[in-house]
Amino acid sequence: MKNRSMKIYFAVGVLALTILACGGDRNVNEIPVNENSENINSEESVEEAAPPSNSVITSISNPAPQGTQVVIDDISYEVISSIRPATDIVMAGDEYNNKPFDSEEYILVGLEATCQKPSSEDCHFSLKYISLFGSYGEKRFREVFMNGVDGLMESADFKGGESIRGTLPFIIPNDESDLMLVVETVFGVPSYLGIN
């Protein structure tokens, strides 16, 4: 019995230490500020932390217009073109490309990505963070296996100041509207780029 009591006390002690270590208070964001304390950030460091002047805040109800650069994780993205319907182009490339149903069609979205880092540093562009969204409210991913279509965009590493361009193929319903490219950060925060 004594051994069991020791285990219970030990468990309660570990729980208490865990609560203390984690703070125990759920209002972590509400940190009181002492008005007499000095601001440790100089004006220069605040300016450096500001977003680039060409960055645009987007939302699903307010996508950046086609042709506008949106900076996400040190890469600026710009929708530079769109071809719709593009089914004839894709199917002429290879008869074995994924054929859309009669109620669907291909759209080819032209995208340019520019690395905003210094020329001595690299950016990594990944297609896995890009999708298409429209009036049907469904997230659509690009067609991965495709042959015979020139200029398809690929994931790449490239230097600061350099740009890469390419085309992204998607299958969408014939009557879908309000299309936008969705580019997410590594942590899943989306930005929206409108498509004309």
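All of the numbers you see were taken from the coordinates with simple rules; none came from a lab. Nothing here was measured: the structure is a model prediction, and the numbers come from that model. Don't worry about glycine lacking a Cβ; one is built from the backbone with ideal geometry, like all the others, and counts go over all protein chains shown.
At a glance:
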quantity	calculated
The stretch 137-162 - residue that is acidic (Asp, Glu) and under 21 Å from Glu121 (Cβ atoms) and, of those, surrounded by the fewest Cβ atoms within 10 Å (Cβ to Cβ)	Glu154
Residue match in the stretch 161-181 (condition: among the aromatic types (Phe, Trp, Tyr), out of contact with any Ser or Thr (no Cβ under 7 Å at 6 or more places or on another chain) and over 19 Å from Glu78 (Cα atoms))	no
Residue in the stretch 128-184 that is nearest to the chain's Cα centre (by Cα), counting only those that are more than 23 Å from Glu104 (Cα to Cα) and among the polar types (S, T, N, Q)	Ser155
Failed item in (1) touching a helix residue (DSSP H, G or I) at 6+ places or on another chain (Cβ under 6 Å); (2) in a strand (DSSP E or B), with Gly148 passing the rest	(2)
Selection from the stretch 163-196 of residues that are of a type in the set (Asp, Glu) and over 26 Å from Glu121 (Cβ atoms)	Asp175, Glu176, Asp178
The listed residue being without any contact (Cβ under 8 Å) to a residue 60 or more places away in the chain, on the phi > 0 side of the Ramachandran plot and of a type in the set (D, E, K, R), out of Asp122, Asp178, Asp157	Asp178
Members of the stretch 59-74 found to be outside any loop (DSSP other than H, G, I, E, B) and exposed (fewer than 13 other Cβ atoms within 10 Å of the Cβ), listed by number	Ser59, Asn62
